[in-house]
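The values are calculated or read from the model by the stated rules, or taken from the named source; none is laboratory data. Here the structure is a predicted model, which means the values were calculated and not measured. When we count neighbours, we look across all protein chains shown, and the Cβ atoms used for this are built from the backbone with ideal geometry, even at glycine.
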Amino acid sequence: MPLTKTYAKILESQGFKHEALEIYKKLLKKYPEDKEIKESIKRLQTRKKFEGVNIIKLKEFDNINQKNRYEFEKWLSEF
């Protein structure tokens, strides 16, 4: 597993918050003054617990259209 900010961002965007947080913590040990790493750790630690995709909720939005796109994006932003 690569230990880079880019890889951590990719993991985070795919919903692997715990894995991304672990990478950021390891990177912080190597780069203790990196503000972006510190902000990423803080952001991930303050988010609600996320253990994966909510399949039931995902099925609700299976056929996303303009009407419910806003609701879907709002729901996603909570994680």
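For residue 38, are the conditions met, namely being at pLDDT below 90, charged (D, E, K, R) and closer than 24 Å to residue 77 by Cβ? So residue 38 fails the test. Of the residues that sit in segment 41-73 and are assigned to a helix (DSSP H, G or I) and surrounded by fewer than 10 Cβ atoms within 10 Å (Cβ to Cβ), which one is modelled with the highest pLDDT? Residue satisfying both the conditions and the ranking: 46. One residue stands out among those in segment 13-28 that are out of contact with any helix residue (DSSP H, G or I) (no Cβ under 7 Å at 6 or more places or on another chain) and within 16 Å of residue 2 (Cβ to Cβ): the one that is surrounded by the fewest Cβ atoms within 10 Å (Cβ to Cβ), which is 13.
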